[in-house]
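Novice: Pasting a structure below so you can have a look.
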Amino acid sequence: DQLQVFDMSDELRKELAPTGVLRAGINLANFLLVSGRKGQGDPEGLAPDLAAALAKRLGVAVSYVCYNMPKEMGDAVESDAWDIALMGAEPQRAEKIAFSAPYVEIPATYLVPAESVLKQVSDVDAAGVTIASVAGSAFGLWLEKNAKFAKIEQAKSMDAALEMLVAGKVQALAGLRQRLLSDRDQLPGSMILDGHFMTVQQAIGSPRARGTRCAAFVAETVEELKTTNFVSSLISKFDLDGKLVVAPAAEPGSKRRKVGEGQKTIAILGCGAMGSVYAGFFAAAGNEVWAVDVWKEHVQKIREKGLRVEGPKGDFVSHLEAREDTSEVPPCDLVVIATKASGVGAAAQAASKLIKSDGVVLTIQNGLGAGDRIAQYIDTSNVMLGIASNFGACMKCPGHAEHKSMNLIAIGEMTGGMTDRLEKVVSLWTTAGFNAKAAEDINKMIWEKLICNVFVGGACTLTGLTVGEMVDQASSKQVAFSCAQEAYAVARAKGINLSFDDLEAYISKFVSTVRGARPSMAQDHAAKRKGEVDAINGAIPLEAAKVGLTAPVNEAVANLIRARESTF
């Protein structure tokens with residue numbers, strides 16, 4: 001009775017408990033959290049009492065949906081069988097289940113036979129060792145992901161896993177320490193290893209499909225149940241002192257999402273291939289990320305299942321906010337404009353309303369003119385320019401972005417020079433896993449990237465070939481290189497201080513990193529969308545005229561692309 005009934009909105013009750021009763025998934029296999037059943041058959045223990053407290057706070061009754069194994073309960077999220085589930089918060093489950101911070105932690109270790117050469121936890125993960133575990137358990141999922149040398153045999157139940165150890169089929173049995181104390185009696189002389197290889201963090205999850213408001217309510221309630229000592233009182237009530245501990249309090253942060261020290265609120269305006277890569281990495285680093293894009297299916301997939309990013313640095317799913325407009329986006333420390341050139345105006349106007357007083361708008365587009373375009377719409381005192389070099393990004397499907405490489409993010413002040421705020425923005429990207437650097441002369445780097453884009457953009461778009469396929473054909477490579485030569489000549493005539501003199505070597509090095517990629521303009525044409533020809537190949541003739549030169553190959557390529565786009 002330590003909790004009062006809060007005045008919750010009807011909308012929240014309908015979202016989290018649509019049947020009018022909060023259906024709580026309970027894992028009967030976790031005997032520490034479920035001690036038995038009451039006379040009427042309801043489960044009894046810490047987990048059921050915790051679920052009842054959460055239901056009371058919501059202002060509804062509770063019913064229990066019991067499962068014999070945690071995997072069954074995790075899989076049942078697909079069938080909408082429960083509203084909340086009390087279970088181990090493992091990353092493999094987080095794609096479909098939004099977990100609170102843990103409320104208790106349970107140590108997991110190993111049971112080994114008598115005379116075993118395995119004397120400590122660190123000995124077990126070794127070549128030639130087979131560990132019996134339980135499929136779908138939190139510690140079993142952890143071993144599947146983290147064991148480097150030992151073989152893992154996943155049994156259907158803890159009893160089945162114990163039988164494997166007794167029969168001599170495995171060298172160690174993984175499990176919760178308290179359970180292993182009873183299992184030890186089945187194998188005379190066996191020993192429980194001191195310490196633990198992980199702690200099972202028990203949390204409360206809600207289906208991600210229910211939305212972020214439900215997840216936030218569950219997360220905040222768990223924190224309250226910990227800080228008011230309600231969880232610790234249940235540990236004492238069920239005689240669990242020393243067998244599990246109250247988990248540490250979550251880091252304080254906003255009610256929208258727990259954002260720790262040094263982490264920021266970031267909006268990505270334009271969440272196509274590159275924008276999705278940015279959003280995925282920033283979210284994975286713990287920042288509060290809002291992805292905004294007009295692609296409805298993409299936004300919906302991110303909200304339901306998270307954003308998958310695949311590339312040389314791994315294949316992972318990040319969970320973040322996604323919207324089709326900026327109406328719900330909170331004030332941001334950083335707003336990244338990653339739209340096509342044609343979308344910069346609307347994005348710039350939206351960005352100017354989103355940034356905090358000390359926030360920054362960073363625009364990253366292909367080609368020339370990003371600074372000029374954004375200056376038409378907003379004050380540029382808080383605007384930086386950036387380039388993304390050699391990513392080779394594409395969308396595999398809604399909610400799934402891929403990048404072939406990940407060379408460099410260069411960021412600079414529009415007016416040039418080095419500033420403290422520039423260093424802070426670069427540090428934010430570096431912390432998120434990008435190779436980022438501050439550019440004293442960002443204009444130079446924009447031109448260096450433009451030369452590469454001019455080389456691959458037009459030729460790959462017109463031929464439909466990947467970069468590697470295009471350069472392997474002498475005829476298409478010749479056209480592409482002529483485009484690059486024209487851009488190089490214009491840059492030199494404009495006094496751009498390029499970092500290279502050997503154009504052919506520079507292009508060859510670039511191509512070696514993106515051979516399997518298709519330039520964004522080619523991807524646009526494949527989808528029957530207009531690309532950014534005016535900012536890439538189409539920009540070279542205009543810049544050439546300013547310095548008394550011509551760029552006939554780029555002009556011809558750009559005109560052919562525009563002719564094709566007239567049919568879209």
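Novice: Select from the stretch 149-167 the residues that are loosely packed, with under 14 Cβ neighbours inside 10 Å and either on the phi > 0 side of the Ramachandran plot or touching an Asp or Glu at 6+ places or on another chain (Cβ under 6 Å) (or both) and list them in ascending order.
Specialist: Scanning the stretch 149-167 gives a single hit, Phe149.
Novice: Go through Ala539, Ala522 for me and flag whichever is in contact (Cβ under 8 Å) with a residue 24 or more places away in the chain, in contact with a helix residue (DSSP H, G or I) (Cβ under 9 Å, 6 or more places away or on another chain), aliphatic (A, V, I, L, M) and within 27 Å of Ala439 (Cα to Cα).
Specialist: Going through Ala539, Ala522 in turn, the sole match is Ala539.
Novice: Return only the number of the condition from (1) among the aliphatic types (A, V, I, L, M); (2) at pLDDT below 95; (3) within 14 Å of Gly458 (Cα to Cα); (4) touching a helix residue (DSSP H, G or I) at 6+ places or on another chain (Cβ under 7 Å) that Ala484 does not satisfy.
Specialist: Status for Ala484: all satisfied but (2).
Novice: Taking the stretch 235-253, which residues are outside any loop (DSSP other than H, G, I, E, B), at pLDDT below 90 and either in contact with a Gly (Cβ under 9 Å, 6 or more places away or on another chain) or exposed (fewer than 14 other Cβ atoms within 10 Å of the Cβ) (or both)?
Specialist: Result: Asp241, single match.
Novice: Still on this structure, please answer the following. Among Leu86, Leu118, which is farther than 30 Å from Ile302 by Cβ, in contact with a helix residue (DSSP H, G or I) (Cβ under 6 Å, 6 or more places away or on another chain) and touching a residue at least 60 places away in the same chain (Cβ under 8 Å)?
Specialist: Unique residue meeting the criteria: Leu118.
Novice: Moving on. Whether any residue in the stretch 499-513 is within 13 Å of Asn390 (Cα to Cα), touching a residue at least 60 places away in the same chain (Cβ under 8 Å) and not hydrophobic (A, V, I, L, M, F, W, C) is what I want to check.
Specialist: Yes, the stretch 499-513 contains a residue that is within 13 Å of Asn390 (Cα to Cα), touching a residue at least 60 places away in the same chain (Cβ under 8 Å) and not hydrophobic (A, V, I, L, M, F, W, C).
Novice: From the set of residues in the stretch 193-216 that are open to solvent by 10 Å² or more (accessible area, probe 1.4 Å), assigned to a helix (DSSP H, G or I) and hydrophobic (A, V, I, L, M, F, W, C), which is nearest to Gly306 (Cα to Cα)?
Specialist: Checking each candidate, the answer is Ala209.
Let's see how each residue does on (1) among the polar types (S, T, N, Q); (2) more than 28 Å from the chain's Cα centre (by Cα); (3) under 24 Å from Thr265 (Cβ atoms):
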residue	(1), (2), (3)
Asn366	yes, no, no
Gly371	no, yes, no
Asp379	no, yes, yes
Asn382	yes, no, yes
Ala388	no, no, yes
Cys394	no, no, no
Leu408	no, no, no
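Novice: Please go through the stretch 18-54 and give me each residue that is among the small types (Gly, Ala, Ser) and either touching an Asp or Glu at 6+ places or on another chain (Cβ under 7 Å) or not in a loop (DSSP other than H, G, I, E, B) (or both), ordered by number.
Specialist: Listed by number, the residues that qualify are Ala24, Gly25, Ser35, Gly36, Ala47, Ala51, Ala52, Ala53.
Novice: Also: For Arg184, only one of the following conditions fails: (1) surrounded by fewer than 19 Cβ atoms within 10 Å (Cβ to Cβ); (2) part of a helix (DSSP H, G or I); (3) at pLDDT below 90. What is its number?
Specialist: Only one criterion is unmet by Arg184, namely (3).
The values are calculated or read from the model by the stated rules, or taken from the named source; none is laboratory data. It should be emphasised that the depicted structure is a prediction, and the values quoted were computed from it without experimental measurement. Virtual Cβ from ideal backbone geometry, glycine too; neighbours counted across all protein chains shown. Just the protein is used for accessible areas: all its heavy atoms, side chains included, with ligands, DNA and RNA removed. Shrake-Rupley method; radii C 1.70, N 1.55, O 1.52, S 1.80 Å.
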